[in-house]
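Structure first, commentary second.
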There are 2 protein chains.
Amino acid sequence: MGKAQSSSYFVILALSIAVNLLLVFQFCVDGEWRLTWSKRAAEEAERVAAIPCSGHGTAYLDGLVLDGKEPVCECNSCYEGPDCSEFVTECAANADSGDPYFLQPFWMQHAAQSAVLVAGWHRMGYSYPDGSYISAELEGHIRKLHATVGNAVTQGRYIVFGAGSTQLLNAAVHALSSHNSSNSSSPASVVATIPYYRLYKTQTEFFRSLDYRFEGDTSSFLNISEAGKVIEFVTSPNNPDGKLNKAVLHGPNASAIYDRVYYWPHFTAIPNPADDDLMLFSLSKLTGHAGSRFGWAVIKNESVYQKMTEYMSSSSMGVSRDAQLRALKLINVVLETRGKQIFEFGFHTMRNRWESLSKILSLSNRFSLQKLGPRYCTYFQKIRGPSPAYAWVKCEREEDTDCYEVLKAANITGRSGSQFSAPDRYVRLSLIRSQDDFDILIQRLTQLVSEERQQQNHANNFLQLKKPLMSTLRRGLVY
Amino acid sequence: MGKAQSSSYFVILALSIAVNLLLVFQFCVDGEWRLTWSKRAAEEAERVAAIPCSGHGTAYLDGLVLDGKEPVCECNSCYEGPDCSEFVTECAANADSGDPYFLQPFWMQHAAQSAVLVAGWHRMGYSYPDGSYISAELEGHIRKLHATVGNAVTQGRYIVFGAGSTQLLNAAVHALSSHNSSNSSSPASVVATIPYYRLYKTQTEFFRSLDYRFEGDTSSFLNISEAGKVIEFVTSPNNPDGKLNKAVLHGPNASAIYDRVYYWPHFTAIPNPADDDLMLFSLSKLTGHAGSRFGWAVIKNESVYQKMTEYMSSSSMGVSRDAQLRALKLINVVLETRGKQIFEFGFHTMRNRWESLSKILSLSNRFSLQKLGPRYCTYFQKIRGPSPAYAWVKCEREEDTDCYEVLKAANITGRSGSQFSAPDRYVRLSLIRSQDDFDILIQRLTQLVSEERQQQNHANNFLQLKKPLMSTLRRGLVY
């Protein structure tokens, strides 16, 4: 064996050993923990996430499965085909429901931090170690979150969890209406100021309780000091119009349920920490996870807290522990940057959408938008423009009495004013849906407004044309 | 370079290359998918699962976290210490609530199949692609499950999901009481046969509806054919006594809600597929996941189905999509072996527990158990002995009017008969808790029964002693 040959052996051997070391390093140091039982679930999730849906859809672990056992793409509105790549040209813009998909890209960008692996034996029992149905860790995270954002006082307050704010709304009505047994002879009146979120009415009526009755608009109660107990729903910022509403009714018989689900920097400046007696929040409008059905109430009064806790036990034995685990993880991601990442993402998205929409509608005389001004935000520590969750559009033409139908004819699906007990001259457009939905909405609105302007130009031209014609005619008549 | 040296070089090189190949194979073939974003969550879950709790406790991802940022062990009753290794000698056996921890070891044995990785962007919106709040995949799995086990007819039936059977109980009462508007003048009477699960009463009373009223025991309604609408809760197998109950009330005004949550091969022979008008099932008593809060109703009547669907929308906008995903995964594991693995595990565990308990109590004259006989099971295709979820214990001594207190004094916590509207001479012992809880229960019962036998022996000895003494005395008196 020659020297050259021998040294080339050495090189090959050295290389081989180097590769070995590298691979062993990869295994033991880089990976740190060698995954065993969790690998299958992790792989499953990554495989589903890797299914290509052209950026216009998502495949889910629990999606409908094809013969080949792979979940199918679920396409955004107006897209179809196996990979959601086909645009449905005549399709209506979906600006109806409040599905908060505007935050989906944020969670895709934070995939590693926000994923949760749930072991098969996770929290099988009914209660947490303290005997309650409420995760103490999650409650702690929620208190920390409010302190960080500065949007609500939670010190010395009680917290109850519910399946979204939805379940808590009725729990609150129940608690406030049965609070004092002294007044129990007549049912409490439940009211809200128009325009208001429809569920307040439908839910309160649905349960047909002996203790409360929905009585409609707040204004009819303003002068009734002799009325029995009154419970007022206050949504702040308001759904649909984004106003920072305050309770209208005051006095010993009046109590308010503050629906604060939109009181986050995505949607509004935070002028100060809310300190209402009973406030509701939800994961849906904070992190965008409407499907998890997780919300919480912040409560001053101990007996109201106990009644609401009892409600949660009687109605569903608390909130799914799986939803609580997920909420913990997501709120943890929010807190990692003191909310900076998600609220900047959320605010910029919503602010851009509002500006695009405002710009288009400012060219129109036919449609107008609610007025929202800039305001100092203690969270961002600066004055910031509006970025509401919904546009509350008014059809200004006398003949356009049904604004929903006017937009429907232009291939835009909103939610009609009557759904908020307001005139049908109003319509709500949801701005918190996917970017696809918003883009199509803007496209349709642009077309609608440009048609309006063309008509106006025609009309103006006609008037221009008409003027000399009329004077000629008039002249003819005179002469 | 010598030949020997050269050949040893070869050997080393060959070995090194072999190791290379092996490592590359491990990477590319064995691992198949190279995990990226899911790795952190998977690792987190495995690290928590690896926290040693001595087999007497569990650490959870959302458990209380120590300063070092590691969740703490949550110990089973009667164990304490950082790793749950210390037995609390004077501690009471916990046989109270129905936490179905008996299935926890099953899920630990099936860790890889049952884990779920939830991506941060999983199901953020309110609805599934069909616009409903119900996962079509999960509904399909549930139908397949019932067909496989043969415990319920689902063909041509509607299915509604709820937060455990708990939420569905009230949804069903609501639907059945408001079903026909013709009879709406007087509220429907809600009844159940003693002994019955307390929630039927507390929940129905809690909601204080105009449409229904809890009226107690079924027996008071037997002869009232002129009564208004009556809704009967039927639990089959019954909680607490495991009997396969049937509805007592019949007729055009009577309807039944069949609580079938224990109608699985763990707890009872399955004589035939249940085909009641309205049946409730839950994940809690099928897979043991009480904490997920997931249940379903199987419904014959379309309008009842619609009312229950409306209830679920109004009260909580459906069930957490996270809980639905988990249920899908778990039911999928059940189906993988056509239920064989879980039902054999569940049945053998429950059967052994029942046999241990029966054996001890058979030595006692002070305590008796409910009578349950062997029965042919269509699922196991053989005659099988009883394996109920609960023991319904009766204190036979005249003076033992409060059986709960009798057991309490012996360091056993059950649930008193009055909690089931039955005499306090009865007490329910939960047999579905952890093995630790069951072992301590058996230990305490063994001691209690052996004390009884000792007392009896003393009494017998005393009688033996007394007899000659008495005759001596008597003799003395005569003579």
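The values are calculated or read from the model by the stated rules, or taken from the named source; none is laboratory data. Predicted model only: the values in this text are computed from it and were never measured. All Cβ positions, glycine included, derive from the backbone under ideal geometry; neighbour counts span all protein chains shown.
Quick look at the values:
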item	result
Flag if residue B:360 is on the phi < 0 side of the Ramachandran plot, within 14 Å of another protein chain (Cβ to nearest Cβ), in contact with a helix residue (DSSP H, G or I) (Cβ under 9 Å, 6 or more places away or on another chain) and not basic (Lys, Arg)	no
Conditions (1) surrounded by fewer than 17 Cβ atoms within 10 Å (Cβ to Cβ); (2) aliphatic (A, V, I, L, M); (3) part of a helix (DSSP H, G or I); number of the one not met by residue A:383	(3)
Tally, over region B:363-402, of residues that are in contact with a helix residue (DSSP H, G or I) (Cβ under 7 Å, 6 or more places away or on another chain), over 24 Å from residue B:262 (Cα atoms) and of a type outside the set (A, V, I, L, M)	5
In region B:369-388, the residues that are touching a Leu at 6+ places or on another chain (Cβ under 7 Å) and within 16 Å of residue B:426 (Cα to Cα)	B:369
Residue that is touching a strand residue (DSSP E or B) at 6+ places or on another chain (Cβ under 8 Å), at pLDDT 95 or above and farther than 30 Å from residue B:407 by Cα, where the choices are B:112, B:95, B:59	B:59
Hits in region B:114-133 (condition: surrounded by fewer than 20 Cβ atoms within 10 Å (Cβ to Cβ) and more than 7 Å from every other protein chain (Cβ to nearest Cβ))	B:127, B:130, B:131, B:132
Matching residues in region B:134-155 - criterion: being away from every other protein chain (no Cβ under 14 Å) and without any contact (Cβ under 8 Å) to a residue 40 or more places away in the chain	B:143, B:147, B:155
Selection count, region A:299-315, where residues are part of a helix (DSSP H, G or I) and over 26 Å from the mean Cα position of the chain (by Cα)	8
Failed item, numbered, when residue A:338 is tested on (1) crowded, with 17+ Cβ neighbours inside 10 Å; (2) in contact with a helix residue (DSSP H, G or I) (Cβ under 7 Å, 6 or more places away or on another chain)	(1)
Test: residue in region A:156-164 that is in contact with a Gly (Cβ under 9 Å, 6 or more places away or on another chain), within 7 Å of chain B (Cβ to nearest Cβ) and surrounded by fewer than 23 Cβ atoms within 10 Å (Cβ to Cβ)	no
Criterion (in contact with a Lys or Arg (Cβ under 9 Å, 6 or more places away or on another chain) and closer than 30 Å to residue A:148 by Cβ) met by exactly one of A:384, A:425	A:384
Condition check for residue A:67: over 25 Å from the mean Cα position of the chain (by Cα), outside any helix (DSSP H, G or I) and either within 12 Å of chain B (Cβ to nearest Cβ) or at pLDDT 95 or above (or both)	no
Qualifying residue in region B:117-129 (condition: of a type in the set (Val, Ile, Thr) and in contact with a Cys (Cβ under 9 Å, 6 or more places away or on another chain))	no
Candidate set: region A:187-209, residues that are within 10 Å of another protein chain (Cβ to nearest Cβ) and crowded, with 18+ Cβ neighbours inside 10 Å; chosen: the one farthest from residue B:171 (Cα to Cα)	A:187
Residue within region B:95-109 that is more than 10 Å from every other protein chain (Cβ to nearest Cβ) and outside any strand (DSSP E or B) present	yes
